[in-house]
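Report on one structure; see the data block that follows.
The values are calculated or read from the model by the stated rules, or taken from the named source; none is laboratory data. Please read these numbers as outputs of a predicted model, since none were measured by experiment. Neighbour counts are summed over all protein chains in view; Cβ atoms, including those assigned to glycine, are modelled from backbone coordinates with ideal geometry.
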Amino acid sequence: MRRLLLGLFLAPLAAGCGSDPASLQGSDDALKNASTSRVEWKLEGGAVPYWARFRSTGSIDYANDRGVLVLGDSDSQPDARIVFVGRDGYMGAKVGDRMYWERQTSEDTREADRFLPGSSAMTPDRLLKDLIKASKKVEKVGSEEIRGVTTTHYRAHLDRAKLGSDANDNVPEAVDAWIDQQGLPRRIRVPYGDGNDAIAAVVDLFDFGAPVDVNAPPASEIVSEKKFEKLMEQECANAGKDLEHANPLCLIFGTTLESGSDSTRITPSETVPTTEGK
């Protein structure tokens, strides 16, 4: 699951992925403002336990391929975040009074990741056109309000053949997008997995045109993968006793969480953070 979390934001730049750079119809101001936005990210699914549910927020500069996602939804939790600058990604956590970062690269990404905000070459003004180009059929599901904005809910049934030669069985059947009257996405939903274990990445986009100030972490704070994992193991050793104040990354790096008489071991390949509702 650690790989999934990172992959959503650290997907390699999709050069030559077949996207049409032409924008959707909309006002000049709307298209200009679409170069940046704030985002709220979550994973949802019926198999996700209640104690692993939280939302994360951040901001992305699509024009300059950089962004930040702050993990967790409580001010009482230690700082944990993901930063990407171009093709470089960083996972960071505050341990004690200091930030530590691990530099990451994403190797195994899914073709549908290109429709999520992040370093995937997705830009808000062309999302729907890209979905249409990559799909067998795009249907209108209905009209819905997202964060006070009226949108049209589209469901794109992806065509593996149109996604390119690298497409495989991991391509989801459909991606959902909620598009406003200016042609900009307000919500994107990409499913992962099937059946009872299925989850979905859901990203809301809002505050288009918001300023984004993101830089790579200082070199003095970047540590090796081995050291970062050791720091997180120490940080998360007793996280199960006080989940409300635990570092959100403890749900990725592993700890023992107790709920009533049940004790569950979390590993990177198992549970995921999520939340429910709009």
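Assorted remarks:
- Some residue of the range 245-268 being at pLDDT below 85, assigned to a strand (DSSP E or B) and under 21 Å from the mean Cα position of the chain (by Cα): no
- Looking across the range 111-151 at every residue that is closer than 20 Å to LEU69 by Cα, surrounded by 20 or more Cβ atoms within 10 Å (Cβ to Cβ) and among the charged types (D, E, K, R), the one that is modelled with the lowest pLDDT is identified as ASP113.
- Any strands (runs of 3 or more DSSP E) falling wholly within the range 173-240 and containing at least 1 residues that are closer than 19 Å to VAL70 by Cα: 185-192, 199-206
- Verdict on GLU221 being within 23 Å of ASP88 (Cβ to Cβ), exposed (fewer than 12 other Cβ atoms within 10 Å of the Cβ) and touching a strand residue (DSSP E or B) at 6+ places or on another chain (Cβ under 6 Å): no
- Scanning the range 126-162 for residues that are without any contact (Cβ under 8 Å) to a residue 60 or more places away in the chain, under 15 Å from ASP113 (Cβ atoms) and in a helix (DSSP H, G or I) gives LEU131, ARG160.
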